[in-house]
Amino acid sequence: MKKVYLETFGCQMNVSDSERISTTLEKDGYEMTPDESVADVVIFNTCSVREKAEHKLFTRVGRVRNSGRKKPVVGVMGCVAQLEGETLFQKVQGVDFVLGTRALGRVSHAVNETLGKKRKIVDVGEREDDYDWTVADTHRHSPYVAFVPIIEGCNKFCTYCIVPFSRGRERSFSAAKIVRQVSELKEKGVREVHLIGQNVNSYRPETAAGLEGFEGKSAFTKLLRAVAETGMERIKFTTSFPRDFRNDIVDAIEDHENLCNWVHLPVQSGSNNTLKRMKRGHTIEKYFEKIDRLRSSHRDIALTTDIIVGFPGETEADFRDTVKMVEYCGFDMAYIFKYSPRPGTPAFDMEDDVSPAEKTLRFLELERVQRATQNERIRRYLNKKVKVLVEGRSARNANGLSGHSTCHKVVNFEGSSELLGNVVDVEITDIKANSLFGRLA
Ligand code: SF4
């Protein structure tokens, strides 16, 4: 039996794709191995959102090629594969096959063809209509948590982003199938599902099948309510697109305890000038309205975001607006990035006129402001009880357990392995930058 080693870079969508790649390969007679050194086939499932991720791929392929042992077949899948196609063979020596983001179902064919035959394969074609989205239980990243893709691709074309080119246009999956899938996962003992997609709240399925009778102005809100009614213990969803984030999503969270109290809503900038150049489709005033609704909820919804500093044309005044926005919103966590141009995006042709030194200064200042807010906000959990899904043993403490709260904070506490997979109450006794520590209540 030939052995396959699969390494994943990037977001949840890639992790979810990798679960399906492993499922397909094993079904077709390959054995997955966590040990690269014994593998006959090494596959990299790649990300192209940041330049660093691409460089990592080039380094990793080089290392496999120079490892000195019998050379395995090397495959590149995911976003870099989709964007580069055949040119990847010239850019990275030693790649045997290139499979794009919608060619996952044909991975076994690519491996079969390249193993032994010394023939290179490139496939950046479309997904099969009858593509099987099922993930085998053994290939889920966790026995207790499952990713359920509800939409793929993106139509938004924010000027800095490569995703609409690497993942293609938005395609929403059947609500009836999603609901059935969640019910089946519940039967199998999964305690938490994450409804995932580049923009989950832009969900627009071809038919309303599965959504009939559910309240909501958008198909996404109806879907949230339909999934909540399956009785799945915890439901999270990410990522949300601000323009499509309607208040009735918060109504649904308030009506259903199993819809978790965490929303990731990437704002990117606090300046309307910059948001316009980014082509985000929302103003900062509209964004604040959504924040106000989220903050007014009795569910104490944790709010996280993404921000880019130093976007082309960002003036000192624009940056000040971003600082004010961060102070106003009080994010529980913000992923802050310094802008770097990505070839193939519209912003690549804009003048990258904020110097690297200035980007660093802005990054550090914003990080300081955010950290102060974050430290303040996380204190509200001290001496409170949070519900934690126990997902694994802690890496640092022999008696330690670790899991996530409903508000998606990492929580560490002591307890026995018998608790794995259970939802327990933990009283918070200590806090760190973004994690909580406590004892079983
Ligand atoms: S919404 Fe914008 S940032 Fe998000 S994936 Fe689409 S283009 Fe990229």
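The order of V163, V15 by accessible area, most exposed first and with a 1.4 Å probe, is V15, V163. Highest GNM mean-square fluctuation among G421, G100, G62, for the chain modelled with Cα contacts below 10 Å: G62. Once you reduce the range 376-418 and the range 86-128 to the center of their Cα atoms, the two points are 42 Å from each other. The residues of the chain have, on average, 44 Å² of accessible surface per residue, using a 1.4 Å probe with all protein chains present. In terms of its Cα atoms, the chain spans 62, 56, 49 Å along the principal axes, sorted from long to short. Within the range 137-380, DSSP assigns beta bridges of which about 10% are antiparallel (rounded to the nearest 5).
Of all beta bridges that DSSP places with both ends in the chain, some 35 percent have antiparallel geometry.
Taken about its Cα centre, the range 382-440 carries a charge dipole of roughly 180 debye when the Cβ of each Lys and Arg holds +1 and the Cβ of each Asp and Glu holds -1. Distances over 19 Å make up what percent of all Cα-Cα pairs in the range 1-119? Counting pairs separated by more than 19 Å, the tail of P(r) holds 39 percent. Classify the range 129-188 as rounded, prolate or oblate from the Cα gyration tensor: take a ≥ b ≥ c as the square roots of its eigenvalues, call it rounded if a/c is under 1.5, otherwise prolate when a/b beats b/c and oblate if not. Judged from the Cα gyration tensor, the range 129-188 comes out prolate (a/c at least 1.5, a/b above b/c). How large is log10 I(q)/I(0) at q = 0.20 Å⁻¹ when the Debye formula is applied to the Cα atoms of the range 299-390, each weighted equally and without solvent? Rounded to two decimals, the profile gives -0.95.
Here the chain exposes an accessible surface that is 50 percent carbon and sulfur, computed with a 1.4 Å probe and the other protein chains kept in place. What residue among R106, R127, R171 has the largest mean-square fluctuation in a Gaussian network model of the chain, using Cα springs under 10 Å? Among R106, R127, R171, the largest GNM mean-square fluctuation belongs to R127. Computed over the chain with a Gaussian network model linking Cα atoms closer than 10 Å, the most mobile of S340, S416, S18 is S416. Its Cα gyration tensor gives the range 137-380 an equivalent ellipsoid, and the semi-axes of that ellipsoid, as √(5λ) in whole Å with the largest first, are 33, 21, 16.
The values are calculated or read from the model by the stated rules, or taken from the named source; none is laboratory data. Computed from a predicted model, the values in this text were never measured in an experiment. Every residue, glycine as well, gets a Cβ built from its backbone with ideal geometry; the counts of neighbours run over all protein chains shown. Only protein heavy atoms, including side chains, enter the accessible area calculation; ligands, DNA and RNA are left aside. Shrake-Rupley method; radii C 1.70, N 1.55, O 1.52, S 1.80 Å.
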